[in-house]
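Student: Sharing a structure, written as structure tokens. Questions coming.
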Amino acid sequence: VQLVESGGSSVQAGGSLRLSCAASGIPFRLATMAWYRRPPGKERELVATETSGGSTNYADSVKGRFTISTDFTKNTVYLQMNSLKLEDTAVYYCNINDRRGIPWWGQGTQVTVSS
């Protein structure tokens, strides 16, 4: 099983980034996909989730700005982040709970938003 994240970078406030999480060895059927983040000096927090049925949920802080999506043909989860704010600076982690409820994590990708 492997989750490989990419797309993290430094960007100015107001900019956009798209994070990707390519998974191998995990069946996406009946899985739940999610993105978490850990801001500097803070605990990890849930950013967005998507079920295999397509239902999504977002943290209040990112609603209307972030979009989670999944390409089941590529076993890849995305997080489109628009209108980035300074407080979005964090290490972002991909998480997939497979149909057995077993959680799998990516290695994290750094997003830094500057003014």
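Student: Restricting attention to the stretch 87-115, report how many residues are assigned to a loop (DSSP other than H, G, I, E, B), of a type in the set (D, E) and more than 15 Å from E50 (Cβ to Cβ).
Tutor: At the first step, the residues of the stretch 87-115 found to be assigned to a loop (DSSP other than H, G, I, E, B) are 89, 98-102, 106-108, 115.
Keeping just the survivors that are of a type in the set (D, E) gives 98.
Subset that is more than 15 Å from E50 (Cβ to Cβ): none.
The number of residues fulfilling the criteria is 0.
Student: Counting just the residues of the stretch 14-31 that are more than 12 Å from the chain's Cα centre (by Cα) and modelled with pLDDT of 95 or more, which one comes out least open to solvent (accessible area, probe 1.4 Å)? Reasoning before the result, please.
Tutor: First pass over the stretch 14-31, keeping only residues more than 12 Å from the chain's Cα centre (by Cα): 14-16, 23-31.
If we keep only those that are modelled with pLDDT of 95 or more as well, we get 14-16.
Numbers: G14: 55, G15: 18, S16: 62 Å².
Out of the qualifying residues, it is G15.
Student: Checking the structure you have, find out if any residue of the stretch 49-59 is modelled with pLDDT of 95 or more and among the acidic types (D, E).
Tutor: yes
Student: Still on this model: Can you find, within the stretch 45-62, the residue that is farthest from the chain's Cα centre (by Cα) among those that are farther than 15 Å from W104 by Cβ and part of a loop (DSSP other than H, G, I, E, B)?
Tutor: G53
Student: Any residue in the stretch 80-104 that is of a type in the set (G, A, S) sitting within a Cβ distance under 8 Å of a residue that is in a strand (DSSP E or B) and open to solvent by less than 50 Å² (accessible area, probe 1.4 Å)? List the pairs, counting only those 6 or more apart or interchain.
Tutor: Pairs that qualify, where the first residue is of a type in the set (G, A, S) and the partner is in a strand (DSSP E or B) and open to solvent by less than 50 Å² (accessible area, probe 1.4 Å), are A90/R37; A90/V111.
Student: If we scan the stretch 63-74, do we find a residue that is over 10 Å from the mean Cα position of the chain (by Cα), under 20 Å from S10 (Cβ atoms) and exposed (fewer than 13 other Cβ atoms within 10 Å of the Cβ)? Before the answer, list the steps.
Tutor: The first filter runs over the stretch 63-74 and keeps only residues over 10 Å from the mean Cα position of the chain (by Cα), leaving 63-65, 70-74.
From the residues that got through so far, the ones that are under 20 Å from S10 (Cβ atoms) too are 65.
Now narrow it down to the ones that are exposed (fewer than 13 other Cβ atoms within 10 Å of the Cβ): none.
So far as the stretch 63-74 goes, no, none of its residues is over 10 Å from the mean Cα position of the chain (by Cα), under 20 Å from S10 (Cβ atoms) and exposed (fewer than 13 other Cβ atoms within 10 Å of the Cβ).
Student: Quick check on this structure: which one of V11, V4 is open to solvent by less than 60 Å² (accessible area, probe 1.4 Å) and either of a type in the set (A, V, I, L, M) or in a helix (DSSP H, G or I) (or both)? Give the steps one after another, and end with the answer.
Tutor: Numbers: V4 fails: open to solvent by less than 60 Å² (accessible area, probe 1.4 Å).
That would be V11, the only listed residue that is open to solvent by less than 60 Å² (accessible area, probe 1.4 Å) and either of a type in the set (A, V, I, L, M) or in a helix (DSSP H, G or I) (or both).
Student: What do you reckon, is L79 among the aliphatic types (A, V, I, L, M), in contact with a Gly (Cβ under 9 Å, 6 or more places away or on another chain), at pLDDT 95 or above and within 15 Å of W105 (Cβ to Cβ)? Break it down into steps so the answer makes sense when it comes.
Tutor: On the way: among the aliphatic types (A, V, I, L, M): yes; in contact with a Gly (Cβ under 9 Å, 6 or more places away or on another chain): yes; at pLDDT 95 or above: yes; within 15 Å of W105 (Cβ to Cβ): yes.
Judged against the criteria, L79 is a match.
Student: Tell me which residues, restricted to the stretch 3-44, are under 22 Å from D98 (Cβ atoms) and either free of Cβ contacts under 8 Å to residues at least 24 places away in the same chain or among the hydroxyl-bearing types (S, T, Y) (or both).
Tutor: Taking the stretch 3-44 and keeping what is under 22 Å from D98 (Cβ atoms), we get 3-6, 19-37, 44.
S6, S20, S24, T32, Y36, listed by residue number.
Student: While we're looking at this one, here's another question. Condition test on L84, is it of a type in the set (A, V, I, L, M, F, W, C), open to solvent by less than 30 Å² (accessible area, probe 1.4 Å) and in a loop (DSSP other than H, G, I, E, B)? Explain how you work it out, then say what you get.
Tutor: On the way: of a type in the set (A, V, I, L, M, F, W, C): yes; open to solvent by less than 30 Å² (accessible area, probe 1.4 Å): yes; in a loop (DSSP other than H, G, I, E, B): yes.
Here the answer is yes, as L84 does meet what is asked.
The values are calculated or read from the model by the stated rules, or taken from the named source; none is laboratory data. Treat the numbers as computed from the prediction; the structure is a model and nothing was measured. Virtual Cβ from ideal backbone geometry, glycine too; neighbours counted across all protein chains shown. When the accessible area is computed, the model is the full protein with side chains, heavy atoms only, and any ligands, DNA or RNA have been set aside. Shrake-Rupley method; radii C 1.70, N 1.55, O 1.52, S 1.80 Å.
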